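Accompanying notes for the structure given below.
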Amino acid sequence: MSYRPIIEVEQINKCYHLYNQPQDRLKQLLWRGKKQFFREFWALRDINFSIQPGEVIGIIGKNGSGKSTLLQLICGTLTPTSGNISVNGRVAALLELGAGFNPEFTGRENIAMNAAIMGLSETQIQAKTDEIIEFSEIGEFIDQPVKTYSSGMYVRLAFSVAINVDPDILVIDEALSVGDGAFARKSFERIMQLKEAGKTILFCSHSLYQVEAICNKVIWLKKGHLQAIGKPSNIIADYNDFLIRDEPENTKQNIPDSPSTDTLNSLITFNKVEISTNKHIGKTLHLTSRISTLTIYIEFITDCSIPTPSVAITIDNINNEHISSAGSLNDKVNLSIGPKGLVKATLTFPNINLLKGTYWVNIFLLCEQGIHLHQDIKHAAKLIVEQSDLEVGIVSLPHHWNSH
């Protein structure tokens, strides 16, 4: 059975005219094309693909590859230089949150205006307004001009409008975590509800982990060209290889020798982390390959009203390339919540198979689905692995020999 694509992109090209100085624009107008006062920048060249209803598409690529331009073309906020884009359904876009708000209008007036732009009738807008206001948590400020809002309030209202208009197509440009921790989780859950409801989602992000976890197809843009499209695991593996090859050598070693913690959700926080080997606890640990045991002890505090978060760790090499990982979700470990929301977990790597080299341990607190990041500790410990034999590589794989 064939379905009509919900989005069809055919031979799209987008060229920008770049002027060295403002007066060159006027010169170009006066010369009526007889002389060129600009240089061309092709943001997109010969882009072709189609998206079926219900697909979740990840869009990846380095900065300047054309990702945002492509999303704006699909949303209709830009027009292509040539080619055709067909979009069959209502689009809700999380590009620049609140970019369409009038600062002089109240929050309620901006809801009505933006919902009308998205194609809702007056009756639909009235039915949705209370839901949007409640989701945004703006409270009594909803009838104040948005120019008086804090940046957090502005973001929450913009997200609420986009996410609650029952879109056929949801376009997300680096906007999965908005507002404070509790609101970020609520926003993420609403996006996942839309996915489960069969809505079409375009998700542009530098978080390759989230792209692979959420999407069923990935588009890789490189310098404005469609480099590849296909299964997430395959495309992301190729993209990671490209990033490693493309990264200048002198930036690969620029890695701090201390842990850094980024808190995204105040409801869920690390309480204690101890990383040890042979009963020695520290930030820098010396191990012997295939002899030492690495132990990671984690305590965190969670809100008992939400599902228990999952825990994951990665072991990376000195260039931040993933070597191995382990997660409570993937290993089907049920973490129990103690008094006051305290959760304890211990991860053990007996006779660790890493070969000689320097490695980093990173720790993550994720949602129960293992996708949304609550909190992480990057470079929680440095592992310096030594060995007494001549085996080479990164890890020693279990093996045996037979003599015939």
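Taking the Cα-to-Cβ direction at Thr348 and at Gln23 and moving 7 Å from each Cα, how far apart do the two end points lie in nm?
7.7
Which residue fluctuates the most in the chain, going by a Gaussian network model with Cα springs under 10 Å, if the choices are Asn334, Asn317, Asn362?
Comparing Asn334, Asn317, Asn362 in a Gaussian network model of the chain, the most mobile one is Asn334.
When the Karplus curve 6.51 cos²θ - 1.76 cosθ + 1.60 is applied with θ = phi - 60°, which whole-Hz ³J(HN,Hα) does each residue of the stretch 74-91 get, with x for Gly and Pro?
Computed from phi, the couplings for the stretch 74-91 are 5, 6, x, 7, 10, 10, x, 5, 7, x, 9, 10, 10, 10, 10, x, 6, 10 Hz.
Per-residue HN-Hα couplings for the stretch 272-286, Karplus 6.51 cos²θ - 1.76 cosθ + 1.60 at θ = phi - 60°, whole Hz, x for Gly and Pro?
7, 9, 10, 10, 9, 9, 6, 6, 9, 9, x, 8, 10, 10, 9
Pull up all non-local amide H partners of Leu202: gap of 5 or more, or a different chain, and H-to-H distance under 5 Å with H placed in the peptide plane.
Counting only residues 5 or more places away or on other chains, the set is Ile57, Leu170, Val171, Ile172.
Quick one: Debye curve from the C-alpha atoms of the chain, no solvent, what's log10 I(q)/I(0) at q = 0.08 Å⁻¹?
-0.57
R0 = 25 Å: FRET efficiency of Ala237 with Asn271, Cβ-based, nearest 0.05?
Between Ala237 and Asn271 the formula returns 0.10.
How big is D, in µm² s⁻¹, for the stretch 96-160 by Stokes-Einstein at 37 °C and 0.692 mPa s if Rh is the Kirkwood radius over C-alpha pairs?
285
What nm value, rounded to one decimal, do you get for the distance between Met113 and Ile229 when each label is placed 7 Å out toward the C-beta?
Result for the modelled spin labels: 3.6 nm.
Taking 0.36 nm per intervening residue step and subtracting the Cα-Cα distance, what contour gain separates Ser336 from Arg39 on full extension?
100.8 nm
So how tilted is helix 122-136 from the main axis of the chain? Cα-based, degrees 0 to 90, rounded to 10.
30
Determine how large the accessible area of Thr269 is when every protein chain is in place; take a 1.4 Å probe and give Å² rounded to the nearest 10.
50
Rounded to the nearest 5, what % of DSSP beta bridges with both residues in the chain are antiparallel?
75
Among the listed pairs Lys223/Lys356; Lys272/Lys382; Lys67/Lys195; Lys27/Lys222; Lys14/Lys217; Lys62/Lys283, give every one whose C-alpha distance is greater than 28 Å.
Too far apart for the 28 Å limit: Lys223/Lys356; Lys27/Lys222; Lys62/Lys283.
Let me know the charge dipole size of the chain about its Cα centre in debye, to the nearest 20, where only the beta-carbon of Lys, Arg (+1) and Asp, Glu (-1) is charged.
Here the size comes out at about 960 debye.
Using just the helices of the chain, give the 222 nm mean residue ellipticity in deg cm²/dmol: DSSP H runs with n ≥ 4 each add -39,500 (n - 2.57), and the total is spread over all residues, rounded to 500.
-7500 deg cm²/dmol
What is the spin-label model distance, in nm, from Thr293 to Ser82 if the labels are put 7 Å beyond Cα along the C-beta direction?
6.8
The values are calculated or read from the model by the stated rules, or taken from the named source; none is laboratory data. Quantities reported herein were computed from a predicted structural model and do not represent experimental measurements. Cβ atoms come from the backbone with ideal geometry, glycine included; neighbour counts cover every protein chain shown. Just the protein is used for accessible areas: all its heavy atoms, side chains included, with ligands, DNA and RNA removed. Shrake-Rupley method; radii C 1.70, N 1.55, O 1.52, S 1.80 Å.
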